[in-house]
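*Asks:* If you scroll down you'll find the structure; I have some questions about it.
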Amino acid sequence: MIPLIVRDSNFYMVQELHFLLNETEISTTAPSGIVALDYLRKNLRLTGTKEGCREGDCGACTVLVGELINNKVSYKSVNSCLMPLGELHGKHLVTIEGLNMSVLSPIQKAIVDKGATQCGFCTPGIVVSLTGYTIKGNRLTKEGFKKTLGGHLCRCTGYRSLKQGFDAIKEHISSESGVKSHVEKGIIPEYFLNIPARLARISEKSSGKVETPAEFVIAGGTDLYVQKGDILPYSRIDLLNTHPEMKNIVRKNNLLHVGALITFEEFSNHPEVIKAVPAIREYISLIASTQIRNRATLGGNIINASPIADVAILLLAMESTLILKNDNSMRSLPITSFYKGYKQLDKTPSEILAEIIFPIPDSATRINWEKVSKRKYLDVASVNCALKIKGEGGIIKKIHIAMGGVAPIPLFLKNTCDYFLGKQITRNAIEGAFPILQNEISPIDDIRGSSQYKRLLARQLIIAHFTRLFPEAVKVKDFYGPN
Ligand SMILES: Cc1cc2nc3c(=O)[nH]c(=O)nc-3n(C[C@H](O)[C@H](O)[C@H](O)COP(=O)(O)OP(=O)(O)OC[C@H]3O[C@@H](n4cnc5c(N)ncnc54)[C@H](O)[C@@H]3O)c2cc1C
Ligand code: FES
Ligand code: FES
């Protein structure tokens, strides 16, 4: 074993961590802030997990992380290049080495039989991701299979032969598949059966000292490790995911309370969220990859304050309230007054975003979210926009619109909303909003498009909202002619 990082316990968080790595129990005092990828490759010399971009884009570093929930282990695929080691305490970390058996699994065999690997650099991550997809017990679909591959870059074989492996894999995997049936069918090794009991024996709390106050609070780490991955291992960090009280979604009367640590995947799969925003699965599938969505939190999206933050835009239109806490106090404020300027927030350094609360829309309220990016999947927006609207007899009674990519902050379009209030939904009324909209936004030229292009998108997305939500009142051809 070659230690990677020279320890200086004054400068980073050191805890005694216990977790299962494949079949082996690990106890380590390696710094909690190093990423799992470095621990695997550099400390343990377990090099099946590949290092590509270190930014969550290529998927070569994909591993599964299993967590014991109600005596069962639930596995999620994550990018190990953005996963702090400290979060693995009490979990099961599965790498490609932990999936290998004396014969190829049906997933590995399909990849070989269809010629879906050449240099093989991307292959371990793909095998791990596909295993994670099939182990969930959902019905396997070609679409789900393709979306799983969306989190992986293959530069020499391409995706056609991988997609051709779908039928062969499906033959082996029934819809009620889980760990037990995966073991019986030779998809994963037998040792998986003992993992729940072994995890239950690992104590809940890790031991050791945590340096306070933290210099960085880390939620999913999908922004922070990209921005500051070089210094986090040497910094005092607070791993927010060790605060389980921020991981709930609860309905209280007509309000939905969402813990700030809820991930994009958890949010979009929750029945109360689906009731409130019926198309949420479709929207979230256009954000990042499965591996990122398994880690990225709502709180991180809001606090990172990217002007194109996809979820923050939706939550602005949903009339969300933010609950901010520190050791001594708690306060709430509307998300519409949270953003003060580029990456400037109404938040003190010691405050943690604990919860997001939004009203559950009534049956007369319609919601739509739109995103335009250079690629449909795994790309950030050029412009994104969310609208929540309540109409009665074709008259707009309430309206909330937020837009990203058109200002230094995720922007609530107050003036445009004020204009729409009380108007009948017609082509003329919608076109009447455009001068106000153009005055309210200030996009800049950047790699996601020129300012002029973004101004055009802003207009198109308003049209898209109304034509999608009110086809009985306005149609696309009303704005663009019959063709
Ligand atoms: C490959 C890739 C693709 C991506 N695609 C998209 C995309 O399509 N759309 C999009 O919007 N974003 C995208 N992102 C950005 C990112 O995934 C999201 O912004 C995500 O929501 C960040 O959440 P996190 O939990 O990972 O935040 P972290 O990285 O952990 O934290 C981000 C910031 O917020 C702070 N923070 C986090 N939680 C809290 C809290 N509860 N209280 C106080 N401070 C907190 C942290 O200190 C840090 O400053 C992508 C990222 C990657 C790497
Ligand atoms: S190394 Fe590319 S996603 Fe992690
Ligand atoms: S097989 Fe070479 S990158 Fe995919």
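Since every read-out is calculated from the coordinates, none of them should be taken as a lab result. Here the structure is a predicted model, which is why all the values come from computation and not from measurement. A quick note on method: Cβ atoms are made from the backbone with ideal geometry, for glycine too, and the neighbour counts reach across all protein chains shown.
*Asks:* Using only helices, what value at 222 nm comes out for the chain when you add -39,500 (n - 2.57) per DSSP H run of length 4 or more and divide by the total residues, to the nearest 500 deg cm²/dmol?
*Replies:* So the calculated ellipticity at 222 nm is -7500 deg cm²/dmol.
*Asks:* If the chain between Thr47 and Glu23 were fully stretched, how many nm would it gain, using 0.36 nm times the residue separation less the Cα-Cα distance?
*Replies:* 7.0 nm
*Asks:* Suppose R0 equals 22 Å. What FRET efficiency, 1/(1 + (r/R0)^6) with r the Cβ-Cβ distance, do Lys163 and Asp379 give to the nearest 0.05?
*Replies:* For R0 = 22 Å, the calculated efficiency reads 0.65.
*Asks:* Next question, about the same structure. Using Cα-Cα distances under 8 Å and only pairs 6 or more residues apart, what relative contact order does the range 338-471 have, in percent?
*Replies:* Relative contact order, the range 338-471: 21 percent.
*Asks:* If you fit an axis through the alpha-carbon atoms of helix 123-134 and take the longest principal axis of the Cα set of the chain, what angle between them do you get, 0 to 90°, nearest 10?
*Replies:* 70
*Asks:* When the distances between all Cα atoms of the range 394-446 are binned every 10 Å from zero, what whole-number percent does each bin get?
*Replies:* Spelled out per bin, shortest first, that is 24, 50, 22, 3.
*Asks:* Now for a separate question. What FRET efficiency comes out for Phe434 versus Thr365 if R0 is 30 angstrom and r is the Cβ-Cβ distance? Round to the nearest 0.05.
*Replies:* E(calc), rounded to 0.05, equals 0.80.
*Asks:* Then there is this: Work out the length of the dipole vector of the range 14-201 about its Cα centre, built from +1 on the beta-carbon of each Lys and Arg and -1 on the beta-carbon of each Asp and Glu, and round it to the nearest 20 debye.
*Replies:* Rounded to the nearest 20 debye, it is 460 debye.
*Asks:* Now for a separate question. Which value, in debye to the nearest 20, gives the size of the charge dipole of the chain about its Cα centre, when Lys and Arg are +1 and Asp and Glu are -1 at the Cβ?
*Replies:* Dipole magnitude for the chain comes out near 1120 debye.
*Asks:* Using the 10 angstrom Cβ neighbour count as an exposure proxy, how do Leu37, Leu413 rank, fewest first?
*Replies:* Fewest to most other Cβ atoms nearby, the residues stand as Leu37, Leu413.
*Asks:* Going through the range 59-154, which trypsin sites (Lys or Arg not before Pro) have at most 15 other Cβ atoms within 10 Å and a DSSP loop state?
*Replies:* Lys136, Arg139
*Asks:* Take the alpha carbon atoms of the range 86-108, find their center, do the same for the range 312-387, and report the distance between the two centers in whole angstrom.
*Replies:* If we compute the Cα centre of each part, the gap is 36 Å.
*Asks:* Of Thr24, Asn241, Gly405, which is farthest on the positive side of the dipole of the chain, counting Cα position, with +1 on Lys and Arg Cβ, -1 on Asp and Glu Cβ, and the Cα centre as origin?
*Replies:* Gly405
*Asks:* Hey, got a sec? Which GluC sites (Glu not before Pro) in the range 47-150 land in a DSSP loop and have at most 14 other Cβ atoms within 10 Å?
*Replies:* Answer in residue order: Glu55.
*Asks:* Given contacts defined as C-alpha pairs under 8 Å and at least six residues apart, what's the relative contact order of the range 243-359, whole-number percent?
*Replies:* Contact order relative to length: 28 percent.
*Asks:* Relative contact order (percent) for the chain, with alpha-carbon contacts under 8 angstrom and 6 or more residues of separation?
*Replies:* The value is 12 percent.
*Asks:* Here's something else I'd like to know. Describe numerically, in nm with one decimal, the distance between label points set 7 Å from Cα along Cα→Cβ at Leu255 and at Leu456.
*Replies:* So the two model labels end up 4.4 nm from each other.
*Asks:* Explain nothing, just the number: dipole magnitude of the range 277-363 about its Cα centre with +1 on each Lys and Arg Cβ and -1 on each Asp and Glu Cβ, in debye rounded to the nearest 20.
*Replies:* With only Lys, Arg, Asp and Glu charged at Cβ, the dipole is about 260 debye.
*Asks:* OK, next. Which is farthest toward the positive dipole end of the range 374-480 among Leu437, Thr467, Gln452, measuring Cα position about the Cα centre, with Cβ charges +1 (Lys, Arg) and -1 (Asp, Glu)?
*Replies:* Thr467
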